[in-house]
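Notes follow the structure.
The values are calculated or read from the model by the stated rules, or taken from the named source; none is laboratory data. Predicted model only: the values in this text are computed from it and were never measured. Quick reminder, even Gly has a Cβ in these numbers, built from the backbone with ideal geometry, and neighbours come from all protein chains shown. Side chains included, ligands, DNA and RNA excluded: accessible areas come from the protein's heavy atoms. Shrake-Rupley method; radii C 1.70, N 1.55, O 1.52, S 1.80 Å.
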Amino acid sequence: MNAVEWLPLLLQTADPLFPTGAYAHSLGFEEIVRLGVVRDEPTLQTFLLTQIIPAQRQQELPYLRFAFDAAARGDVEELITIDCEISAWKLAHEAREASCQLGSRRLRALSAIGDAPLLARISERIRAGEMRGHHLVICGAQAALQSVPLEAALATYFYQSLAGVCAAALKLIRIGQDGIQRALAAGLAAAPPTVAASLAVARENAGWFNPLLEIAAMRHEHAHERLFIS
């Protein structure tokens with residue numbers, strides 16, 4: 001397909017205007033700030049490069065690819081297996097529930113703007129309690145159904161992940177719009193090698209354990225004051 005055929009819808013569903021509720025989640029980053037790990041522009045840039053991007057390379061983007069491939073085959077059973085594996089990797093309850101909330105809201109919004117039998121089948125399996133509907137699974141299925149090239153889907157998810165952290169940072173630390181854009185640009189410069197490396201990660205080697213983010217998400221769940229849901 002010509003890019004003009006798939007790009008506008010991809011932009012629509014990647015835009016903050018699309019009602020996934022992502023703006024209400026920091027995915028543990030709020031506690032990272034509370035712990036003093038991120039305080040300013042340099043530490044935000046370091047956090048993106050050393051904490052977020054490695055997880056994208058080894059876990060998030062590979063699992064997005066697995067979901068993309070399964071959806072392209074119409075294999076709902078494989079999507080359920082992938083969904084269960086993602087649940088197992090997300091050790092923190094709050095992060096796991098946030099992933100499911102984002103996935104369910106994306107699924108609902110996609111169903112509202114178009115009719116796709118595969119999405120309907122996924123919704124049925126979620127209602128039956130056979131899968132949770134993690135955000136990665138829904139994003140992968142969406143890209144396959146909309147004939148988005150795999151690398152474009154991976155790059156889009158990479159951008160959204162980094163931009164989500166930067167949007168939260170804008171509310172949590174003393175940093176201006178220019179500082180946010182510089183930190184984001186530094187992270188996005190790693191997109192080509194990160195996407196390329198993720199394509200070489202085999203299913204049996206996919207995964208990433210980051211104690212810092214896991215502990216931050218667990219601490220956030222019990223924080224006395226919270227600006228974000230997660």
Wholly inside the range 84-145, helices (runs of 4 or more DSSP H) that include 3 or more residues that are over 16 Å from the mean Cα position of the chain (by Cα) are 93-113, 117-127
Here the residues within the range 7-29 that are open to solvent by 20 Å² or more (accessible area, probe 1.4 Å), over 21 Å from Met218 (Cα atoms) and either assigned to a loop (DSSP other than H, G, I, E, B) or of a type in the set (D, E, K, R) (or both) are Asp15, Pro16, Leu17, Pro19
- Check on Leu44, out of contact with any Pro (no Cβ under 9 Å at 6 or more places or on another chain), of a type in the set (A, V, I, L, M) and surrounded by fewer than 22 Cβ atoms within 10 Å (Cβ to Cβ): no
Filtering the range 198-213 down to residues that are in a helix (DSSP H, G or I) and crowded, with 16+ Cβ neighbours inside 10 Å yields Ser198, Leu213
So, first residue open to solvent by 30 Å² or more (accessible area, probe 1.4 Å) in the range 53-65, second residue in a helix (DSSP H, G or I), Cβ within less than 6 Å, six or more apart or across chains; the pairs are Arg57/Thr194; Arg57/Ala197; Arg57/Ser198
> Does Arg73 satisfy the condition of being open to solvent by 20 Å² or more (accessible area, probe 1.4 Å), within 24 Å of Ala202 (Cα to Cα) and basic (Lys, Arg)?
Replying inline: yes
Restricting the range 32-46 to residues that are out of contact with any helix residue (DSSP H, G or I) (no Cβ under 7 Å at 6 or more places or on another chain) and part of a helix (DSSP H, G or I), the one farthest from Leu188 (Cα to Cα) turns out to be Arg34
The residue from Glu130, Glu225, Glu214 that alone is modelled with pLDDT under 95 and closer than 20 Å to Cys84 by Cβ is Glu214
Residue count, the range 35-61, condition closer than 20 Å to Ala202 by Cβ and β-branched (Val, Ile, Thr), comes to 1
Considering residues that are closer than 13 Å to Ala22 by Cα and open to solvent by 30 Å² or more (accessible area, probe 1.4 Å), the number found within the range 162-173 is 2
